């Protein structure tokens, strides 16, 4: 939809964080590898994905063994079960 506006030079799609996928696999160039950006979408919550979330996860280093931290942006709410299953 955003591409159809023809306003932005570059539009990058944010990948889904699927079950079993690590946030470390969701880094988007030109961001550093220790920053992951992904979408959380509930299949059963609503068809239009109105209730979804953007996850920005980060760690000082992917290989440091330190726990990751994250910011979850979900303006219309998302199921707590979905968060627990994916994070």
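Since every read-out is calculated from the coordinates, none of them should be taken as a lab result. The model shown is predicted, which means the values in this text are computed figures rather than measured ones. Backbone-built Cβ (ideal geometry, glycine too); neighbour counts: all protein chains shown.
How would you rank 6, 69, going from fewest to most other Cβ atoms within 10 Å of each one's own Cβ?
Values: 6 7, 69 10.
Lowest to highest Cβ neighbour count: 6, 69.
Given R₀ = 22 Å, what would the calculated FRET efficiency be for residue 73 paired with residue 15, taking r from the Cβ atoms and rounding to 0.05? Walk me through the numbers on the way to the answer.
On the way: r = 16 Å, r/R0 = 0.71.
In this case the efficiency is close to 0.90.
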